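Presented below is the structure to which this report refers.
Each reported figure results from applying straightforward, stated rules to the coordinates on display, with no laboratory input. Keep in mind it's a predicted model, so treat the numbers as computed, not measured. Reconstructed Cβ throughout: ideal geometry from the backbone, glycine too, with neighbour counts over all protein chains shown.
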Amino acid sequence: MTKENSKILISAAGGKVGQHVLAQLAAKNIPARAGVHSEDKASALRKTGAGAVVLDFENPASISAAFKGIEKLFLVTPGSPEQRRFEENLLAEAKKVGVKRIVKLSGKIDEADTVGFSVWNREAEKRIKESGIPYTILRGNFFMQNLFGSAAQIKQGVFTAGPAAKRIALIDTRDMAATVVAALTEEGHAGKVYDLNGPELLDGYAQAAAFSKVLGRTVKYLDVSAEAFIGQLKTFGLPPWLVDAFGAAVSSPEIPGDQSSATIEHILHRKPGTLEQFVKDHRAAFEVSL
Ligand SMILES: NC(=O)c1ccc[n+]([C@@H]2O[C@H](COP(=O)([O-])OP(=O)(O)OC[C@H]3O[C@@H](n4cnc5c(N)ncnc54)[C@H](OP(=O)(O)O)[C@@H]3O)[C@@H](O)[C@H]2O)c1
């Protein structure tokens, strides 16, 4: 929805969660300003009727323009060594303009990790708590939408993300977004840290079974050790910090924190979506074209 008087700023509004926050707020006729990384992306969104601005986390002028008149912020930064610098820039502006609520996209935090996503999210949560701005922190489980990155493998009938035995309550980013919308627009979420999970704990074989069932052909999960998986990542030309981050995530035998969907059900008054439903909704991305 285009509104010059938007009080809500969505950072990374083209990202896996941000795009759905934007769409769901628009569906509720709640004005919001979409902050995206480039003018091309802002102009594409404006053509759809969205109120979009460039919000480059490294560019102070874009940050101060994007925050003008803003009272609530959905805060997303990419998991990387830049996260600290990006968030310091955004938090400084949020304080300057008097933002009254931050809803922060965080992840599961393994206290034993010394590198990677757990460390970046742990530090981010601390910074937000210390900012003095009322917050809601959403610790999302592994997103189902990450599986788009395995689509080429799934089309060929076999995929992997490390040891098959690891069970994950994968969550659909559309449900993450619905929780963000609730935290931004409803009472009762200030000062809360929510563990958000999908409805089922699925090991690799169960994930593959969901694809097989919906696609009507056999999709297998390839059981590989964490070490072998990290070895494969190194051959993909990823930067070392990203290999280390994925390495830390894949090496932990379990996802840390609460794994039930009780919290998200309490917030949304419904069950979150299943992996089967996600595959049905995005069948074309995983189907082999003839
Ligand atoms: N992926 C998961 O399974 C998962 C689960 C739980 C929590 N999380 C947390 O969610 C956060 C984001 O994760 P993600 O990377 O998977 O999600 P994402 O939101 O899909 O991707 C990151 C977004 O940041 C934008 N961005 C990057 N650099 C930017 C800059 N300098 N200025 C403005 N925008 C910039 C990217 O835009 P462009 O593409 O246009 O550059 C992209 O939209 C991380 O903190 C992560 O720990 C992720």
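Provide the descending list of Cα extents for the chain along its principal axes, expressed in whole angstroms.
52, 41, 38
What's the lysine pair count for the range 196-290 at a Cα cut-off below 24 Å, pairs eight or more apart or interchain? Spell out each step's value before the answer.
Values: 213/271; 213/280; 220/234; 220/280; 271/280.
Final tally of qualifying lysine pairs is 5.
Going highest first, how would you order 35-42, 181-188, 133-140 by mean Cβ packing within 10 Å?
Values: 35-42: 19.0, 181-188: 16.0, 133-140: 20.6.
So the peptides 35-42, 181-188, 133-140, ranked by packing, come out 133-140, 35-42, 181-188.
Give a residue-ordered list of calculated ³J(HN,Hα) values for the range 69-84 (Karplus: 6.51 cos²θ - 1.76 cosθ + 1.60, θ = phi - 60°; whole Hz; x for Gly, Pro).
Each residue's phi maps through the Karplus curve to give x, 7, 10, 9, 10, 8, 9, 10, 10, x, x, 6, x, 7, 4, 4 Hz.
How far apart, in nanometres, would the label points at residue 280 and residue 187 be if each is projected 7 angstrom from Cα along the Cα-to-Cβ direction?
With each label point 7 Å from Cα toward Cβ, the separation is 3.7 nm.
Calculate, in nm to one decimal, what residue 122 and residue 152 gain on full extension: separation in residues at 0.36 nm each, minus their alpha carbon distance.
Numbers: separation 30, 0.36 × 30 = 10.80 nm, distance 3.28 nm.
Going from the current span to full extension adds 7.5 nm.
Please give the charge dipole size of the chain, origin at the Cα centre, charges +1 on K and R Cβ atoms and -1 on D and E Cβ atoms. Round to the nearest 20 debye.
Numbers: 36 positive and 32 negative charges, 169 e Å.
That gives a dipole near 800 debye.
Would you please give the residues with an amide H less than 5 Å from that of residue 192, counting only those at least 5 places away or on a separate chain, with H modeled from the backbone geometry?
137
May I ask for the net charge around residue 38, where only other residues with Cβ less than 14 Å from the Cβ of residue 38 are counted and Lys, Arg are +1 while Asp, Glu are -1? Please list the in-between numbers first.
Numbers: positive: 41, 46; negative: 39, 40, 56, 58.
Net charge in that neighbourhood comes out at -2.
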